[in-house]
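Below you'll find the structure, written out as structure tokens, and then a few comments.
The values are calculated or read from the model by the stated rules, or taken from the named source; none is laboratory data. The shown structure was predicted, so the numbers you read here are calculated from the model rather than taken from an experiment. Please note: Cβ atoms are built from the backbone with ideal geometry, for glycine as well, and neighbour counts cover all protein chains shown. We work out accessible area using only protein heavy atoms, side chains counted, and drop any ligands, DNA or RNA first. Shrake-Rupley method; radii C 1.70, N 1.55, O 1.52, S 1.80 Å.
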Amino acid sequence: MTDSAPTATATTAAGATRDDAGGPGPLLAINNLEVIYDEVILVLRGLSMEVATGQIVALLGSNGAGKSTTMKAITGLLPTEHGETTDGTIHLRDTDITHADPAQIVRAGASLVMEGRHVFEHLTVHENLVAGGFTRPAETDDGIAEVYEYFPALEQRRDQAAGYLSGGEQQMLAIGRALMASPTLLMLDEPSLGLAPMLVEEIFAIIQRLNRDLGTTVLLVEQNARQALDIADQGYIMESGRIVLDGSAAELADNPDVKEFYLGMAEAGRKSYRDVKHYKRRKRWL
């Protein structure tokens, strides 16, 4: 249990060190980050975490823990919601992106798939993808071909307005649009939200393929903790704007408190309301 992230080493399935960036240190490093909304509301309270190159990292926590705020801080979107970073740093490789604007951050290699998908509903599938490639116009055609390879359903609907796609297809389009920037770090905020279980399985399988085939590092925010830990290498748990627990995905999945509060696997013997209240108080790891 810690308020700061451990030094993480990315490894392949065979156990060899994976450092696609060609140098020491993580791909993403957040140190003692504080975020305030409306100059009053403190949301992130000294948040520290790392994402190693080539890994899938899950960021878990209940509603209001600060997960989406973390994503917006990384991608420079806080000002759109009257938020600001008041302390701490965010580094993408060796670049300080703490106060960079969103376009600079996309060019630096980080792309975000926002919660709720947010496709351009009146544009076609093809036009959405072209918009996603604004930082790499010379590679637009190759990027679109790659997206269609991973999401064949989108190619079949390339001339259809995005607003008429199903929820699952819109999520695929949102991911595809983010891929058009050829990110080294792909961030996904609640990609399973509102999707049927079979579609969730499909989306998570594609996330694994992107990580495996393209070497894309993934930071995944999810309330579906079981699904996230199944595909992740490392995991962090947030409460009240800071990290309270971290470790390998296997370690977190086997942790009794994580099983109880995030995986729905209650220990035997706690059945009374009094026991539940006591155990919920114990959950406050801070």
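These residues, His91, His118, His82, go from largest to smallest accessible area, 1.4 Å probe, as His82, His118, His91.
Over the C-alpha atoms of the range 78-192, the Rg to Rh ratio, Rh being the Kirkwood estimate, stands at 1.00. Take every Cα pair under 8 Å whose residues are at least 6 apart in sequence, average their separation, divide by the length of the range 179-220, and the relative contact order is 60 percent. With no solvent and one point per C-alpha, what does the Debye sum give as log10 I(q)/I(0) for the range 52-114 at q = 0.17, 0.22, 0.27, 0.28 Å⁻¹? So the normalised log intensities work out to -0.63, -1.04, -1.38, -1.42.
Taking θ as phi - 60° and the Karplus parameters 6.51, -1.76 and 1.60, the scalar couplings of the range 199-214 work out to 5, 4, 4, 5, 4, 5, 5, 5, 4, 4, 5, 4, 5, 6, 7, 9 Hz in sequence order, x denoting glycine and proline. Short-range pairs are left out: with C-alpha atoms under 8 Å and at least six residues apart, the relative contact order of the range 14-144 is 22 percent. Rounded to the nearest 20, the Cβ-based charge dipole of the range 60-185 about its Cα centre (Lys and Arg +1, Asp and Glu -1) stands at 200 debye. Close amide H contacts of Ala58 (hydrogens built in the peptide plane, cut-off under 5 Å, sequence separation of 5 or more or a different chain): Leu220, Asp233, Gln234, Gly235, Tyr236.
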